[in-house]
């Protein structure tokens, strides 16, 4: 068996000095005279926009004198399409400014912050070519390193370090139909560049435990997976799907996304709450080899069934980089109708070993490496009933712990569904939080660097809630699930964010527990906002965990506020 070390907190590469320039006024013309005896310092930065290959921006300091310096800027385009429009946005140190800029246009948008665009006569960057301009800068103490820099809205730092922590997000195959949330939105919200792993949720298992594809209601989403023809406006790269292509839909969009973000790992998530019905059958000794082979053949080798005039041998080859097992739950009841056996715990261990063995064989065949992870429960009884953790962890790259659904409409009172720490007045005999769930795995011998803690991009809600002694509705009886946009008792963060700002609800926060809720005298919704997400990310970092996992990416707002809060807190320290 090949060794699969935990690349958690991957060593951050040293970041090269930030590039670019900084103009203050729209001054066009030749460079002023300068002392050219000063040494050159050069830095290169890579950036991208959603429809082009990454641009390479080089900043070269050509000269320096007591009160200023001269620099040149070159934007190189290694892609195959011309880039006619570009926008550089930079912030200089407090004492620095641009005295003169040539061959570009500039606007000072606020103190020490500038927007630079092509000159009125052109300034496009040809495919395989370059565009250059320069400036004279002024300073008082010699500090000219940029405070911040973006090009076309994306970071334009030098060689960016690998993220120190895993940032795992689930992308739901039904998001396009339910919410109009497309793979393209991962780019437009900024989430794609912040993710290390994207788990595509979900695929189903038949009664014999084999992976299969179908459009039968409640059994599969093959049309969304690889049959839907995306228009140019819907597509990641602005190019419509070929209606005659073997691969269309979400799968083709994910392939394009990987071309834009080659470091992003896309894993296939199997099961989930609705489709764990026959996982127990898949794990049986007589089924498990064929079960694993069917899933690897269909999705990692890419031999998709021919449906909707799409699919075929090798249609999805190279798309997926690994498997995420979402059996909910071995040895414990999950959704109604799930098959449960006493021997599920031992059989799950053997199923995981079978996956690792067959993935190792595929690695030998292709020369690529393939990851293996699992989503694991928050319930202590479910952990012990279903998981031989001392035997499993050698075969998993990491596990994603459930950090939410701790309270819901099924609970006798309102409460916190995804708090970090147990709340002071929680009426449960053993109150929980995401941190206590992690501790259950640590207590059973799992190393912290193998744990990714789950965080919710949604909230749980109740109606018919009395104010209670504190007037905030917390820990009170209720009349059931509050109406939700997708299902009762459930709303995405972006919906709750709008409710919180509507004036109908009052916002409350428990700083110690690490969560927030809104209450209007009848409905109460508990959820994580950016403050709570950042608090959790800080705890993940301080606890030495591998990173954080998000369910689910379509719950974020259009600006990707939650993902940004997670990323900046994890990797900004």
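Overview of values
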quantity: Test: residue in the range 563-572 that is without any contact (Cβ under 8 Å) to a residue 12 or more places away in the chain and not in a helix (DSSP H, G or I); calculated: yes
quantity: Number of the condition not met by residue 518 [criteria: (1) out of contact with any strand residue (DSSP E or B) (no Cβ under 6 Å at 6 or more places or on another chain); (2) surrounded by 15 or more Cβ atoms within 10 Å (Cβ to Cβ)]; calculated: (1)
quantity: Test: residue 207 is closer than 30 Å to residue 569 by Cβ and either in contact with a helix residue (DSSP H, G or I) (Cβ under 6 Å, 6 or more places away or on another chain) or in the same structural domain as residue 338 (by TED's automatic domain parsing) (or both); calculated: no
quantity: Candidates 264, 284, filtered to the one that is under 17 Å from the mean Cα position of the chain (by Cα) and either surrounded by fewer than 23 Cβ atoms within 10 Å (Cβ to Cβ) or over 22 Å from residue 226 (Cβ atoms) (or both); calculated: 264
quantity: Selection count where residues are crowded, with 23+ Cβ neighbours inside 10 Å and closer than 20 Å to residue 300 by Cα, scope the range 375-395; calculated: 1
quantity: Helices (runs of 4 or more DSSP H) completely within the range 316-401 that count 3 or more residues being touching a strand residue (DSSP E or B) at 6+ places or on another chain (Cβ under 7 Å); calculated: 344-366
quantity: Index of the failed condition, residue 305 passing every other in (1) closer than 22 Å to residue 274 by Cβ; (2) under 26 Å from the mean Cα position of the chain (by Cα); calculated: (2)
quantity: Selection within the range 252-311 - without any contact (Cβ under 8 Å) to a residue 24 or more places away in the chain and either farther than 30 Å from residue 348 by Cβ or in contact with a strand residue (DSSP E or B) (Cβ under 6 Å, 6 or more places away or on another chain) (or both); calculated: 259, 262, 306
quantity: Qualifying residue in the range 485-493 (condition: modelled with pLDDT of 95 or more, closer than 13 Å to residue 517 by Cα and exposed (fewer than 13 other Cβ atoms within 10 Å of the Cβ)); calculated: no
quantity: Total residues in the range 536-568, condition surrounded by 18 or more Cβ atoms within 10 Å (Cβ to Cβ) and either closer than 22 Å to residue 376 by Cα or at pLDDT below 95 (or both); calculated: 18
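The values are calculated or read from the model by the stated rules, or taken from the named source; none is laboratory data. Note that the coordinates shown come from a computational prediction; the quantities given were computed from them, not determined experimentally. Because the Cβ atoms are built from the backbone with ideal geometry, glycine has one as well, and the counts that use them run over all protein chains shown.
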